[in-house]
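The values are calculated or read from the model by the stated rules, or taken from the named source; none is laboratory data. Given the structure is predicted, the values throughout are model-derived calculations rather than measurements. For neighbour counting, all protein chains shown are included, and Cβ atoms are generated from backbone atoms with ideal geometry for every residue, glycine included.
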C-alpha cells in the first residue's frame, strides 16, 4: 500500500551539479506529474505525463527534463542545478488526466548551494 | 493559461467559528475545482472537489460553492477544530495547447485559535 514513492527525500547539491528525482506509483494510474512548491507560491506544475511514452511541459519547465520510463515510473532530472531550483518537489499521479484526485508523494526537499 | 487567485493568504479564527477561503480563476473552460489540505511537513491531500455542473457540494463540516458566471469558488469550514489548522490550496483544471493539469492557488494558512 505504498501509493506514490519519491526518492531521495532530501538532497543538497552544488551549483552546476546534476541529479535525478525518482518517482514510482503502484496504483496503476495513467497520469503522472511533477510539481515544485516554494513559500508563498503554491504548487507549480513542471512537467506531466498523460500516459506511458508521452510527456508535456507545465508552467515552469525550464531547467528540467523528465522521463516516463514505464507506467509506474516518472523521473525528473536537473542537468545543471541552480540556486533558483531550491524547492520541495512533489510527484503526483491520477487515474485519469486531471478528471479525478491527484495522489501526491511525500515530497523531496532539494537545496542548491 | 489558467490563473488562480486565492484569498486570504492567512486566516485566523476561533475554535468553533466558521472559516471561508475564496478563489477566482481565469479560464472559463475550466470544469474541475478541487481543494487540498496540507499539514506541516506533509503532502497535499484532497478534501473536497466540485465539477462545473454543480453549484454546491457538502461533506460533513466542509462545503464548496461554485459560481461559474463570476468564475469564483469558495471553501467553507464550519465548527472549526484544532485539527483544521493547515494550509489549504484551491485548484482549477486547465486544458488547451496540448496541456492538461491543475493550476493551484498560492495557499491559505488557516490558524485555529483555542
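Overview of values
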item: Filter result (surrounded by fewer than 19 Cβ atoms within 10 Å (Cβ to Cβ), assigned to a loop (DSSP other than H, G, I, E, B) and either within 10 Å of the chain's Cα centre (by Cα) or within 11 Å of another protein chain (Cβ to nearest Cβ) (or both)) within the range B:1-42; result: B:1, B:3, B:9, B:31, B:41, B:42
item: So residue A:2, is it touching a residue at least 12 places away in the same chain (Cβ under 8 Å), under 25 Å from residue A:95 (Cβ atoms), within 14 Å of another protein chain (Cβ to nearest Cβ) and surrounded by 14 or more Cβ atoms within 10 Å (Cβ to Cβ); result: no
item: Residue check, residue B:100 surrounded by fewer than 19 Cβ atoms within 10 Å (Cβ to Cβ) and either within 13 Å of another protein chain (Cβ to nearest Cβ) or part of a strand (DSSP E or B) (or both); result: yes
item: Every residue from the range A:71-113 that is assigned to a loop (DSSP other than H, G, I, E, B), modelled with pLDDT of 95 or more and more than 12 Å from residue A:27 (Cβ to Cβ); result: A:80, A:81, A:82, A:86, A:106, A:107, A:113
item: Qualifying residue in the range B:103-112 (condition: within 30 Å of residue A:51 (Cα to Cα), within 14 Å of chain A (Cβ to nearest Cβ) and part of a strand (DSSP E or B)); result: yes
item: Hey, residue A:36 assigned to a strand (DSSP E or B), touching a helix residue (DSSP H, G or I) at 6+ places or on another chain (Cβ under 9 Å), more than 10 Å from chain B (Cβ to nearest Cβ) and at pLDDT 95 or above or not; result: yes
item: So residue A:15, is it loosely packed, with under 14 Cβ neighbours inside 10 Å, part of a loop (DSSP other than H, G, I, E, B) and in contact with a helix residue (DSSP H, G or I) (Cβ under 9 Å, 6 or more places away or on another chain); result: yes
item: In the range A:39-70, residue modelled with the lowest pLDDT [restricted to those that are more than 11 Å from chain B (Cβ to nearest Cβ) and more than 17 Å from residue A:93 (Cβ to Cβ)]; result: A:60
item: Qualifying residue in the range B:63-81 (condition: within 8 Å of chain A (Cβ to nearest Cβ), outside any helix (DSSP H, G or I), in contact with a strand residue (DSSP E or B) (Cβ under 6 Å, 6 or more places away or on another chain) and surrounded by fewer than 24 Cβ atoms within 10 Å (Cβ to Cβ)); result: no
item: Top-ranked residue in the range A:41-67 [being over 11 Å from the mean Cα position of the chain (by Cα) and assigned to a strand (DSSP E or B); ranked as surrounded by the most Cβ atoms within 10 Å (Cβ to Cβ)]; result: A:43
item: Number of the exception - residue B:43 against (1) within 23 Å of residue A:95 (Cβ to Cβ); (2) in contact (Cβ under 8 Å) with a residue 24 or more places away in the chain; result: (2)
